[in-house]
Structures are given as C-alpha cells and as structure tokens.
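> First the structure, which I've put down as structure tokens, then a few questions once you've had a look.
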Amino acid sequence: MCGIVGYLGNEETSSILFESLKRLEYRGYDSFGFATIHDNKLWITKDKGKISDVVQIKLPGSIGISHTRWSTHGPPSKINAHPHTDCKNRIALVHNGIIANYLSLRNKLKERGHIFKSETDTEVLVHLIEEYYKPEDGVKLEDAVSSALNAVEGTYAITVISALEKKIVGARKESPLVLGIGNSCFYLGSDISSFLPYTNKTIPLDDFEMVVIEPESYKITDFRTGLLKDKKITKIEWNQKESSKEGFDHFMLKEIFEQPQILKIALNICEEEISKLAETIKEADNVYITATGTSLHAAMTSEYWFSKLAKLPVRVVDSSEFEEKAVLDEKTLVIGVTQSGETYDTLRAMNYAKKNNCKLASIVNIPSSTATRISDITILQGSGMEIGVAATKTFTTQLMILLRLALKLAKNNGETVSSPTMKNERCLLSKDVGDKISEIEEQLKNVPRYIEEALTQKEKIKSITEKYCINVKNFLYIGKGINYPTALEGALKFKEITYHHAEGMPAGFLKHGTISLISDDMYTIAFVPRDDRKILSNVEEIKSRGGKIIGIVSGTAKHFDETINVPRVSDIVSPLVFAPAYQLLAYYTAVALGRDIDQPRHLAKTVTVE
Ligand code: AGP
C-alpha cells in the first residue's frame, strides 16, 4: 500500500510534501520519509510512526519526494522507512508495491559491492538504478530508471530524484501514480487527493509509463520501448470540505452520518447510466461480479437481488480467488466493484477478465482510478472522499447502485414480456412481483430518510456497547438470505476497528458446529428483517443454550437481551437500513476500547499489494 508524493516547482517543497502526505496517510501509517535536493545534495529525514503526529518537516529545496509506509518487507523502523538511497548518496527513491525478484537482485548487487542498509525489497531498486546511472557518460536519471525497471519483476509506483539533476522521475506498474499539473509546478501522488488543494488538473499514469518532470515541462514515455505517450489532461471536480472532520470526533463517524446525503446523490445517478449497464448485463451470457472486503459484501448482497428480483444468476467471486474459479469467454461480463478503483486483487481479476476477452464494467468511487480506465463501462459512485479506513458510506452507495441495477433488470423483464416478439416468457412479472417492485422502488426513494431515522438510535447503541461489547471478546453475527452478507459486513466492521473477534455466518449454519461456542464470552448479533420467522428459531436455539443476543430489528420482534430498532422495510431493502446500526455498534465499541478509529492497526484503506 503506502502513499507517495512528489513536488517540483518554485515553493519550498518540504511543507507542500508534508501537507500532501498527511492526506495519503490512509494508505499506510507505520513510518514516513522525505528527500529533497538543494545545493546539489540530497536532504533526507525519515522516521517510524505517523506523519500526522509530526508538527513540521523542514528541508531546503523546491524538488522533493515523500512516502508514508505500510510495511511488507521489513518491520516498521527508521531504517526501513523510505526514501532509500544508493551507496553514493546521490539517488533517493520511494516505492509503493513489491519487487518480487528482490532477493536474487540483492545478492547480485551485493556481489558487485553495493552496501544495503535496510531489510526492504525497495532498496534493490535504488542500487539497481545506481548501477545504470552514469551521468558523466550522458546516461540520465530516466535512462537508468528505465533500465532498472526492465530488470525487475513485481509491482511498483516509484518516484526518484538525483542530487545531480533538477527533475523527478516517476513510473508505475500495477500500483497507482498520478501526475498533477499546477501553475509552473508539478505534483506526483498515489492519488489525486494528495495534490487536489493545489490543482485539479491531472494525468493518471498507466502501467509501464514513466514521467519525467522538469522545471518547465513534463514528458511521458513507455519505459519498455522509450516511445512518447500522448496523454489527455483530466479535470477533477472534488469537494475539499471532505477532508475535514467538520466537528465529528472521527472521519468514520462523519462518514456514517453523511450516508443520508450521499445516498440521495446515489439515487440521482442518472437513469441512463444504470440502464446502460443493465442492458450490458442483459446481453451477456454469463455475469460475474468481483470484489473484495466490504465491496465483496455489497456484491454478495446484490447476488440475492439479481436472483430474487431479476431472476438472473450472477456469480460473485472474491477477487483474490477469481483466477482460480472463473470460467470466462467473450460473452462473459465481469463487473468489478471497488471503492478505490486501485485494489490490487480486484484489478488483477479485472485484467484477467480482459485477457480472456470479457466485457469489463465497474462500480467505482474514485474518478480516473485504474479500474475506471480499464473498464468498458463505469458507474461512478459519487460518495465523495472516504478517509476512515473502515468503509461505510461507500458501501451503502454500492448497495444502492446494485439494487437500482437489479430493479432495472426486473422491470426490463416485465417489458420484455409485454412485447409479443420477445420469447423470454419465463420472466413474466406476475402482479405480485410487479407490486413488490413498486413497493421496493418506493422504499428505495426513502432510504436516505430511513437511514437518518436509524442514526437516531446512536445513544441507545452507545449504551448497548458499554454494557455488552467491551468486556466480551467474541461475537457471532448471524443473518439469513439477503442478510447473510449483512452479517459478514457487520462482523468485518467490528473486527477491523475493535480488534475483537467477530464471525459472520448464515443463521441456519450456526447449528452445524459453531453453536458449540455459545458461552459467556461469545455473544450474538442477529439481523432480523420484518417477515423473518425462521431466524427467530435460530435465536431461540442460542437463547436455550444461555447465549446473549443483541437483535438489530427492522420490525417488531422482541426476543433479545437488547434490541436496536431500525425502520420497518421490506427484506429486500433491509441490508441498507441495517448498515448504520452495525457501523455505530462497531464505532462506539472501538471508541470505548480506545482504538485508533480512522487508522486501525495493521490496515490501510487501499490495498495495492497482493
Ligand atoms: C473495509 O472496511 C476495508 N477498508 C476493506 O475491506 C475494503 O473494502 C477492501 O480492501 C476493498 O477495497 P476497495 O473497495 O477499494 O476495492
């Protein structure tokens, strides 16, 4: 993961890099570092810890690079922090990704006399660049970088500077890097948010592209061939207010409370965009949705919507398993669901689909991210920047978009049948189903209001967490049918920010083994939509074994030790209204336990490594 920033211009670079790097801290926060050029010398500072805990960084010079790290090779430490430098202290480099063949390269470079200081895979890159770098013979930094990159295997976004040249070289393969174009200055960043307060003009780099930025110009080439690339500048519209907590204690809480507003935006995503993807789904012989983490849970929920409403079998596969599982051909549509648009596993699955000639679609929050650029069709979520590592508003937006798609397809089925020339009669919408769709559409419009109502439960949820969730360390989350993914997502939210064990599963599965765990140290959270009688039998099974249960209820059931009531809606819409309740349950438990809410340990928001 890791975040990278570079700046070349007329200002003092270290203060710009400092502010920009703080905006990338969601990508990794175990150590940080800066390198600038001044007086033909490199100036470097780095340390273990969070950049947001640092008051100021002051280095001379107006060309520099910086890095916030999420460690892969070598634990967090001052020595392992980036930038890494060559033996002669002329070159400094920061890297996001993994150099797969670093061990063999390291051994060869050691044999050639290079001295390694860190345990990182990254350090081989800077020594390899040093091997090729011969400024005295006219070999420039970018030439040495291309040669080095053509010798390494793995994934990378890098920025490199040399004390001998007034430039920054950046390049990428399977890790994100974007160029920002300002007034007489340039930026490089892992994403646009790093430089958005300074410029909204950007060029995202694609794989195998290298950019050289100099005081008056920039040049993008393919580093494998040296050929010049002609790339268009994109202007990004983004609201800067999003990077402030606006009075909330944490970004996560702010983002939970933003959901009514953000879902109104999702309801207004234009019908044409939804119809276009719905049509593409309809035309495909097979449809896969691939995603991971919270986005996978949104996709899994939609699997029920597509089958229940549109009678359409859609296969949902965790993107880290996709290559092992998917059977693809040119009539297959693969939809990637990814908030960031940069998750390594999801991009890999999407690229695999592309190689197999599938049509590619995506539902993505970050505009111009890699997923949007490799897709044939994209629906942009419009959730705004999500800074808390735990996904909240981006998840409910994904749900909203996927439900709109399923409803569109369900209605299309009805329209199909009303045309006598069409043969797809098994999809005829019966009056029952037709009425149900109108009811769901009506409820969907009201989801922002339902969520607002669910959020009014916050004090009650807080008191429940204080009574039940702080001293107990194990939780089962159970749901049935469409709320099985709700149980998975509730458990994931709880685990990632409280560090307590939580396990989501289908309610019916519990009695096939897991029920043996019910005890004073294993409580259950049950999701109960309005019509669900069956889950209440599972609840009774737990109660009769002395288990404590918190019910999150969209109806009137009262079988629990504690009940969190959310608005009464149909089963189909219930995953949306349950979300704020379990998000707040995780949030208040983590607050009471004194956890780092927005940057939980060991995690990063965008996982750009395998
Ligand atoms: C969820 O709270 C996590 N941040 C994580 O599971 C996340 O959903 C996953 O890494 C996928 O991210 P993406 O949506 O950006 O692809």
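The values are calculated or read from the model by the stated rules, or taken from the named source; none is laboratory data. These numbers were taken from a predicted model, which means no experiment stands behind them. Counting neighbours? That spans all protein chains shown, and the Cβs are built from the backbone with ideal geometry, glycine included. The area values use the complete protein model at the heavy-atom level, side chains included, leaving out ligands, DNA and RNA. Shrake-Rupley method; radii C 1.70, N 1.55, O 1.52, S 1.80 Å.
> Can you grab the distance from the C-alpha centre of the range 255-333 to the C-alpha centre of the range 558-606, Å, no decimals?
First find each Cα centre; the distance between them is then 23 Å.
> Continuing with the same structure: Full-extension gain between Gln56 and Ser544, please, as 0.36 nm times their residue separation minus the C-alpha to C-alpha distance.
My answer for the length gained is 169.8 nm.
> When the convex hull of the C-alpha atoms of the range 166-285 is computed, what volume per residue in Å³ does it have?
Convex hull volume per residue, Cα atoms: 189 Å³.
> Also: Taking the square root of 5 times each eigenvalue of the Cα gyration tensor, what semi-axes in Å does the equivalent ellipsoid of the range 243-445 have, largest first?
28, 23, 13
> Assign unit charges at the C-beta atoms only (+1 for Lys and Arg, -1 for Asp and Glu), then state the dipole size of the chain relative to its Cα centre in Debye, rounded to the nearest 20.
Around 580 debye, computed over the chain.
> Find the eigenvalues of the gyration tensor of the Cα atoms of the chain, then list the square roots of 5 times those eigenvalues as equivalent ellipsoid semi-axes, largest first, in whole angstrom. Mind showing how you got there, number by number?
Details: eigenvalues 414, 159, 89 Å².
Those come to 46, 28, 21 Å.
> Could I have the simple spin-label model distance between Lys473 and Lys331, label points 7 Å from Cα toward Cβ, reported in nm to one decimal?
Each label point lies 7 Å from its Cα, and together they span 5.4 nm.
> At what distance in angstrom do the alpha carbon centres of the range 370-385 and the range 49-63 lie from each other?
Computed from Cα coordinates, the inter-centre distance equals 33 Å.
> Give a residue-ordered list of calculated ³J(HN,Hα) values for the range 473-485 (Karplus: 6.51 cos²θ - 1.76 cosθ + 1.60, θ = phi - 60°; whole Hz; x for Gly, Pro).
These are the phi-based 3J(HN,Hα) values: 10, 9, 9, 9, 10, 10, x, 10, x, 4, 9, 5, x Hz.
> Taking the convex hull of the Cα atoms, report for the range 3-237 its projected area averaged over all directions, in nm².
11.5 nm²
> Helix 344-355: angle to the longest alpha-carbon principal axis of the chain, degrees 0 to 90, nearest 10?
Roughly 90 degrees between the two axes.
> At 1.4 Å probe size, with every protein chain present, just tell me what the per residue accessible area of the chain comes to in Å².
39 Å²
> Also: Pick out, from Ala291, Leu205, Tyr588, the residue whose Cα sits farthest towards the positive end of the charge dipole of the chain, with +1 on the Cβ of Lys and Arg and -1 on the Cβ of Asp and Glu.
Tyr588
> Let me check against my output: what whole-number percent is the relative contact order of the range 243-445, with C-alpha pairs under 8 Å and at least 6 apart?
Averaging sequence separation for qualifying contacts and normalising by length gives 25 percent for the range 243-445.
> Counting each DSSP H run of 4 or more residues in the chain as -39500 (n - 2.57), what helix-only mean residue ellipticity at 222 nm follows after dividing by all residues, to the nearest 500 deg cm²/dmol?
Taking each H run of at least 4 residues, the total per residue is -10500 deg cm²/dmol.
> Tabulate in residue order the Karplus-calculated ³J(HN,Hα) for the range 290-303, using 6.51 cos²θ - 1.76 cosθ + 1.60 with θ = phi - 60°, rounded to whole Hz; enter x for Gly and Pro.
Per-residue couplings from phi come out as 10, 5, 9, x, 4, 4, 5, 5, 5, 5, 5, 4, 5, 4 Hz.
> How high is the relative contact order of the range 456-592, given as a whole-number percent (alpha carbon pairs under 8 Å, six or more residues apart)? All intermediate terms of the calculation are to be shown ahead of the outcome.
Details: 267 pairs, mean separation 40.3, N = 137.
For the range 456-592, the relative contact order is 29 percent.
> Over the chain, what percent of the accessible surface lies on carbon and sulfur atoms, probe 1.4 Å?
Result for the chain: 48 percent of the exposed heavy-atom area is carbon or sulfur.
> Still on this model: Helix 534-543 versus the longest principal axis of the chain: what is the Cα-based angle in degrees, 0 to 90, to the nearest 10?
Helix 534-543 sits at roughly 80 degrees to that axis.
> Got the relative contact order for the range 3-237 handy, in percent, Cα pairs under 8 Å and 6 or more residues apart?
Values: 593 pairs, mean separation 44.6, N = 235.
About 19 percent, as a whole number.
> Provide the per-residue ³J(HN,Hα) series for the range 508-514, in order, calculated from phi with Karplus coefficients 6.51, -1.76, 1.60 and θ = phi - 60°, each as a whole number of Hz, with x at glycine and proline positions.
Values, residue by residue: x, 7, 3, 6, 8, x, 5 Hz.
> Students often check this: by mean Cβ neighbours within 10 Å, which of 206-216, 165-175 ranks highest, and how do the rest follow?
165-175, 206-216
> My understanding is that a pair violates if its Cα-Cα distance is over 24 Å; which of Lys311/Lys605; Lys201/Lys229; Lys58/Lys219; Lys231/Lys282; Lys88/Lys110; Lys88/Lys117 do that in this structure?
Lys311/Lys605; Lys58/Lys219; Lys231/Lys282
> Where the centroid of each part is defined by its Cα atoms, how far is the range 1-28 from the range 456-502 in Å?
36 Å
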